[in-house]
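The structure appears below as structure tokens.
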Amino acid sequence: SVDGKVKLWTPQGQELQTLVGHKDAVNNVAFSPDGQTLASASDEETIRLWTLDGNLLQTLKHNARIRGVTFSPDGQTIASSSTDKTIQLWNLQGEKLKTLKGHKKGWVNNVAFSPDGQSLASASDDKTVKLWSLQGDVLQTLEGHEDEVLQLAFSPGGETLASAGKDKTIKLWNLQGEELRTIEGHKEPIYSVTFSPDGRQLASTSLDNTVKLWTSSGTLVTTLKGHDAGTWSVDFSPDGQVLASSSDDATVRLWRLDKIPQTLHGYQGPGTNLALNQQTVAAG
């Protein structure tokens, strides 16, 4: 949260831990693949690594505000994106391994490893997405967004990349840099996009206060309404049955997707209104 705190919750909405140490807004958090370590990225120009019981393991200094953080699939490398237009690679001991430079005109808002761990993707205010080798070479520059690119996600199989933009669109790309589809439907900038674990769905959040579910090819399935302010981030549970969204209304909402008919994976026609069981977690 922007209050500088990181909170851990059970799926039932019970608070487990509040991790206190950041002195400025926390913009992003990520679990390690084994679920034993949490990384948090802050405007105070640090990444902090924590145990799940709240002990601080390492503090990584970036020398600029950090927008995004993620672990490699093998859990041995951390990538961070920053307002200094770079991506940094780190080991778990807090040592900087590599600095990736190539975005020229704006912040790097988000970074993601490919599922095989052999490449990275970054989203920037310069309206582009870049694909990188782990050695720091730019493999592809994806151009097509008309405004800042705010977040991105690889499909579980790694063959498709989704990017979300301030231009109110989601774009799907292949790894050769070709745009496959532009998805439109949100009325305000889109701040988050993610694939379901089985790769058959996409979820997105927007400053229009909604969460939208799409088929992986970009057909709207349903719009989840309940937040009272813009929605910032979204993620699926590992089993794909619960969706978590966070908002400027100071809540995290848990959406029970297993209560939606199984036709969720297909299109039900325009204007579909599915009843959802919803739980709200007060986030601060």
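The figures follow:
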| item | result |
| --- | --- |
| Test: residue in the stretch 139-154 that is farther than 30 Å from Arg200 by Cβ and surrounded by fewer than 18 Cβ atoms within 10 Å (Cβ to Cβ) | no |
| Any hit, the stretch 102-117, residues being open to solvent by 10 Å² or more (accessible area, probe 1.4 Å), part of a loop (DSSP other than H, G, I, E, B), of a type in the set (A, V, I, L, M) and closer than 23 Å to Ala25 by Cα | no |
| Condition met for Glu159 (open to solvent by 30 Å² or more (accessible area, probe 1.4 Å) and without any contact (Cβ under 8 Å) to a residue 12 or more places away in the chain) | no |
| Scan of the stretch 71-125 for residues that are charged (D, E, K, R) and under 18 Å from Gln135 (Cα atoms), ordered by number | Asp74, Lys85, Glu95, Lys96, Lys98, Lys101, Asp116 |
| Yes/no for Leu134 being touching a residue at least 24 places away in the same chain (Cβ under 8 Å) and open to solvent by less than 20 Å² (accessible area, probe 1.4 Å) | no |
| Residue in the stretch 28-41 that is within 20 Å of Lys171 (Cα to Cα) and of a type in the set (Val, Ile, Thr) present | no |
| Residues of the stretch 164-185 classified as out of contact with any strand residue (DSSP E or B) (no Cβ under 8 Å at 6 or more places or on another chain) and surrounded by fewer than 14 Cβ atoms within 10 Å (Cβ to Cβ), total | 1 |
| Gly75 vs. criteria at pLDDT 95 or above and either open to solvent by 70 Å² or more (accessible area, probe 1.4 Å) or not hydroxyl-bearing (Ser, Thr, Tyr) (or both) | yes |
| Residues satisfying the stated conditions in the stretch 8-28, i.e. surrounded by fewer than 19 Cβ atoms within 10 Å (Cβ to Cβ) and not in a loop (DSSP other than H, G, I, E, B) | Leu8, Trp9, Glu15, Leu16, Gln17, Thr18 |
| Filter result (more than 18 Å from the chain's Cα centre (by Cα) and part of a strand (DSSP E or B)) within the stretch 133-155 | Ser133, Val138, Leu139, Gln140, Thr141, Leu142, Glu143 |
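The values are calculated or read from the model by the stated rules, or taken from the named source; none is laboratory data. Computed from a predicted model, the values in this text were never measured in an experiment. We place every Cβ from the backbone using ideal geometry, glycine too, and count neighbours over all the protein chains shown. Keep in mind that these areas ignore ligands, DNA and RNA; they rest on the heavy atoms of the full protein, side chains included. Shrake-Rupley method; radii C 1.70, N 1.55, O 1.52, S 1.80 Å.
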